[in-house]
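First comes the structure, then the notes that go with it.
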Amino acid sequence: MKIEHIGIAVNSLGTSDDLFERLLGKKNYKQESVAREGVTTSFYEVGESKVELLEASSEDSPIAKFLSKKGEGIHHIAFGVDDIYAEIERLKKEGFIFISEEPKDGADNKLVVFLHPKSTNGVLIELCQEKA
Ligand SMILES: CC[C@H](C(=O)O)C(=O)SCCNC(=O)CCNC(=O)[C@H](O)C(C)(C)COP(=O)(O)OP(=O)(O)OC[C@H]1O[C@@H](n2cnc3c(N)ncnc32)[C@H](O)[C@@H]1OP(=O)(O)O
Ligand SMILES: [Co+2]
C-alpha cells in the first residue's frame, strides 16, 4: 500500500492549475472528467505520489457539496493497493465502513472505492488499484 494521491477540492481548475504549476514547477500530466462522480480532475506527479485537483462538474457533485460546506482544501487521501477486493474484505473484517463496497472506474486508469470518514478518523479514504 502507498499514498497514491492526495485529493484537493478546488473552485476552479483554471486558477488552481496555475497555482500548482508555479508551486510544483511543473505542468499537470493529465486532466480527466469522471461524470459519474461529477468531477473534473487534474493530476500532478510529486515524487512517488500525486496531487489530484478536483473541480465539481455538476451541481450534485460531492465536491460541490464539500466546497459549499468546507471551502477549498484537502478532500481525501488515496491509498494505492495491489488487490482492491482483498483489501475491501480485510478492512470490512477490521470494522471499517465503505460508502459502496463495489469498486468503480475512477480517474487515471484506476478502480476505486471509498471508506466513510466516520470510520476513518474523519478523513475520507479512497482505495485505488491500477486497471490492467
Ligand atoms: C473517482 C474519481 C476520483 C479518483 O481519484 O479516481 C476521485 O477521487 S472522485 C472524489 C469525489 N468523490 C467522492 O468523494 C465519493 C465519496 N464521497 C461521498 O460519497 C460523500 O462525499 C460522503 C459520503 C463522504 C459525504 O457525503 P454526504 O452527502 O454525507 O455529505 P455531508 O456533507 O452530509 O457529510 C457527512 C459527514 O461526512 C463529513 N465529510 C464529508 N466529506 C468529507 C471529506 N471529504 N472528508 C472528511 N469528512 C467529510 C461531513 O463533514 C459530515 O460530517 P459531520 O460530522 O456530520 O458534519
Ligand atoms: Co481520488
* Asked: For the range 23-52, how many residues meet the condition of being over 15 Å from residue 12 (Cα atoms) and within 9 Å of ligand 1 (Cβ to nearest atom)?
  -> 3
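Could you tell me whether any residue of the range 78-96 is at pLDDT 95 or above, among the aliphatic types (A, V, I, L, M) and in contact with a Ser or Thr (Cβ under 7 Å, 6 or more places away or on another chain)? So that I can check it myself, show each step before the final result.
First, pick out the residues of the range 78-96 that are at pLDDT 95 or above: 78-96.
If we keep only those that are among the aliphatic types (A, V, I, L, M) too, we end up with 78, 81, 84, 86, 88, 91.
Next cut, in contact with a Ser or Thr (Cβ under 7 Å, 6 or more places away or on another chain) only: none.
Checked the range 78-96: no residue is at pLDDT 95 or above, among the aliphatic types (A, V, I, L, M) and in contact with a Ser or Thr (Cβ under 7 Å, 6 or more places away or on another chain).
Would you point out the residue of the range 84-99, among those that are touching a residue at least 12 places away in the same chain (Cβ under 8 Å) and assigned to a helix (DSSP H, G or I), that is nearest to the chain's Cα centre (by Cα)? Write out each step before concluding.
Initial filter on the range 84-99 (touching a residue at least 12 places away in the same chain (Cβ under 8 Å)): 84-85, 87-88, 91, 95-99.
Cutting the leftovers down to assigned to a helix (DSSP H, G or I) gives us 84-85, 87-88, 91.
Values: 84: 15, 85: 18, 87: 17, 88: 17, 91: 19 Å.
Filtering first and then ranking leaves 84.
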* Which listed residue is in contact (Cβ under 8 Å) with a residue 40 or more places away in the chain and within 12 Å of residue 126 (Cβ to Cβ), from 55, 37 -> 37
* Asked: Residue check, residue 132 against (1) of a type in the set (A, V, I, L, M); (2) within 7 Å of ligand 1 (Cβ to nearest atom); (3) in a loop (DSSP other than H, G, I, E, B), all met but one. Which one?
  -> (2)
* Structure fact -> Of 30, 26, the only residue that is in contact (Cβ under 8 Å) with a residue 40 or more places away in the chain and either small (Gly, Ala, Ser) or surrounded by fewer than 19 Cβ atoms within 10 Å (Cβ to Cβ) (or both) is 30
* Do we find that residue 115 is at negative phi and in contact (Cβ under 8 Å) with a residue 40 or more places away in the chain in this structure? -> no
* Residues of the range 58-106 that turn out to be aromatic (Phe, Trp, Tyr), in contact with a helix residue (DSSP H, G or I) (Cβ under 9 Å, 6 or more places away or on another chain) and open to solvent by 30 Å² or more (accessible area, probe 1.4 Å), as a count -> 2
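The values are calculated or read from the model by the stated rules, or taken from the named source; none is laboratory data. Bear in mind that the values here come from a model prediction, so they are computed numbers and not experimental data. No Cβ is skipped: glycine too gets one built from the backbone with ideal geometry, and neighbour counts run over all protein chains shown. When the accessible area is computed, the model is the full protein with side chains, heavy atoms only, and any ligands, DNA or RNA have been set aside. Shrake-Rupley method; radii C 1.70, N 1.55, O 1.52, S 1.80 Å.
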